[in-house]
Amino acid sequence: MNPTFTYQQDQLYIENVALADIARQYGTPCYVYSQAALTQAYREYADALSTRDNLICFAVKSNPNLSILALFAKLGAGFDIVSGGELQRVLAAGGEAGKVVFSGVGKSVAEMRLALEAGIHCFNVESAAELHRLNEVAGSMGKVAPVSFRVNPNVDAKTHPYISTGLKKSKFGVAYDDALALYREASRLPHLKITGIDCHIGSQLTEISPFVAAAEKVIQLVDALAKDGIHLEHIDFGGGLGIRYNEETPPAIADYAAALLQVMDKRKEKLILEPGRVMVGNAGVLLTTVEYLKPGEEKHFAIVDAAMNDLMRPALYDAYHQILPLRRKNIPSMSYEVVGPVCESGDFLGHDREMAVEQGDVLAVMSAGAYGMSMSSNYNTRPRAAEVLVDGSSVKLIREREKVNDLLAAEKIFL
């Protein structure tokens, strides 16, 4: 178990607070995060990269809560964004626009304008069409847009196909073999300034070798660009380092960073990384109450008040999350399907979980800090969960639970 979460006298704690106390005060479903775990993850990156010029850009899509963004900004982080809305979140949280890299395959004119006005660090360009649009938008504003290309190195990330982004068939990035010509084209456009190169091959990687293979191909391209007179200020190796959900054995942050630093060797370019899941995943849990225990002929069901709209990963990826009771009981255990109330057979949080639970008990769905609240929805007109941040013995509500009236407020009846 993550050392942030411990059993003390059969009660599950986050830092110095019993999770049962949080469930009583704020209700369920509820996301709860550890400030100590968030801080430690960032500092592990910062320490591992301290020997060279670097920028650690937190991937906002993994958890965009304003308090979490503000914490990382205070620690010195930059941010990797994929929408204009995420940029507005970063700025609202006190993040520096000059530390923002803008990724994504479908940047709109409005988003480009917003980012240029803010003065972001770099656009990670993902197609020739985007390159020309950005040049036009920057010219119309009397600005010069800083750009890098997100290069697709055709490296197998060995992860779930939905979150593998570095193969030739991916919608992301520009083909490796086309990159040199595209950089030459960019160098001729008057409203662009080439500043770097970017690569991101996927998410939840648990081996170092794909990172190294991709980094080596990027370095080869950087050297080819230099021979062509195109010199870069930064090299961005993206993110994707995985965490332990169940039996995975991902490398330590220090080992991952050391491998990339070895590839960089004595190069002078700034190193940019875009960690997301590894910064927040194991820092958070989703609390949920057992509404009913429903025995069946073939399976037994623990029906809880959290659902696929609260945590999409199990339904979307068949992802595994450990599920623990907030209070350990000396009662017989049974194997349960942990399911939610949404009207979909795919609405589950866990299969075949051996648990000693009763109706009314509260469970913690572990490793839920990344892509949990971030991907949640209002399917079945379900208000989204509250979010809470714990700092030692201090408990802070960082997002109020939605109300049904909030969901109806923007709709109009014209009958």
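Things worth noting here:
- Positions within segment 15-34 being among the polar types (S, T, N, Q) and either crowded, with 20+ Cβ neighbours inside 10 Å or not in a helix (DSSP H, G or I) (or both), in sequence order: ASN16, THR28, SER34
- Of note, VAL105 does not satisfy the criterion of being under 24 Å from the mean Cα position of the chain (by Cα), in the same structural domain as GLU216 (by TED's automatic domain parsing) and not in a loop (DSSP other than H, G, I, E, B).
- Qualifying residue in segment 50-68 (condition: part of a helix (DSSP H, G or I) and more than 17 Å from the chain's Cα centre (by Cα)): no
- Residues in segment 45-81 that are among the β-branched types (Val, Ile, Thr) and surrounded by fewer than 19 Cβ atoms within 10 Å (Cβ to Cβ): 1 in all.
- Qualifying residue in segment 101-108 (condition: within 18 Å of THR195 (Cα to Cα) and among the polar types (S, T, N, Q)): yes
- The number of residues in segment 108-137 being in a helix (DSSP H, G or I) and in contact (Cβ under 8 Å) with a residue 12 or more places away in the chain comes to 19.
- Exclusive hit being crowded, with 19+ Cβ neighbours inside 10 Å, among the charged types (D, E, K, R) and within 30 Å of SER187 (Cβ to Cβ), set ASP228, ASP310, ASP236, ASP265: ASP236
- Being closer than 28 Å to ALA252 by Cβ, in contact with a Leu (Cβ under 7 Å, 6 or more places away or on another chain) and in a helix (DSSP H, G or I) is a condition met by no residue of segment 362-370.
- Odd one out for GLN9 among (1) on the phi < 0 side of the Ramachandran plot; (2) without any contact (Cβ under 8 Å) to a residue 24 or more places away in the chain: (1)
- Candidates ALA364, ALA302, ALA307, ALA368 - the one that is at pLDDT 95 or above and more than 26 Å from the chain's Cα centre (by Cα): ALA302
- Long-range neighbours under 8 Å by Cβ, at least six apart or interchain, first residue under 10 Å from ARG353 (Cβ atoms) within segment 315-334, second exposed (fewer than 14 other Cβ atoms within 10 Å of the Cβ) and modelled with pLDDT of 95 or more: SER333/GLU354; MET334/GLU354
- Criterion (at pLDDT 95 or above, touching a Ser or Thr at 6+ places or on another chain (Cβ under 8 Å) and in a strand (DSSP E or B)) met by exactly one of LEU232, LEU293, LEU287: LEU287
- Of the candidates ARG313, ARG382, ARG353, ARG399, the single residue that is more than 20 Å from the chain's Cα centre (by Cα), under 26 Å from GLN204 (Cβ atoms) and basic (Lys, Arg) is ARG353.
- Subset tally (residues that are of a type outside the set (Gly, Ala, Ser), part of a helix (DSSP H, G or I), in contact with a Phe, Trp or Tyr (Cβ under 8 Å, 6 or more places away or on another chain) and farther than 20 Å from MET264 by Cα) for segment 169-221: 2
- Close pairs (6 angstrom Cβ cut-off, 6 or more residues apart or separate chains): among the β-branched types (Val, Ile, Thr) in segment 32-57, assigned to a helix (DSSP H, G or I) anywhere: VAL32/ILE22; ILE56/TYR45
- Matching residues, segment 386-406, being among the charged types (D, E, K, R) and either outside any strand (DSSP E or B) or more than 11 Å from GLN35 (Cα to Cα) (or both): GLU387, ARG399, GLU400, ARG401, GLU402, LYS403, ASP406
- The lone exception for VAL278 - which of (1) assigned to a helix (DSSP H, G or I); (2) crowded, with 23+ Cβ neighbours inside 10 Å; (3) out of contact with any helix residue (DSSP H, G or I) (no Cβ under 7 Å at 6 or more places or on another chain) it fails: (3)
- Within segment 320-338, the residues that satisfy the criterion of being in a strand (DSSP E or B), closer than 19 Å to ALA23 by Cα and out of contact with any Lys or Arg (no Cβ under 8 Å at 6 or more places or on another chain) are LEU324, PRO325, ARG327.
- Scope segment 158-181; condition within 18 Å of TYR317 (Cα to Cα) and either loosely packed, with under 11 Cβ neighbours inside 10 Å or at pLDDT 55 or above (or both); matching residues: LYS158, TYR162, SER170
The values are calculated or read from the model by the stated rules, or taken from the named source; none is laboratory data. Values in this document were obtained by computation on a predicted structure and should not be read as measured data. When we count neighbours, we look across all protein chains shown, and the Cβ atoms used for this are built from the backbone with ideal geometry, even at glycine.
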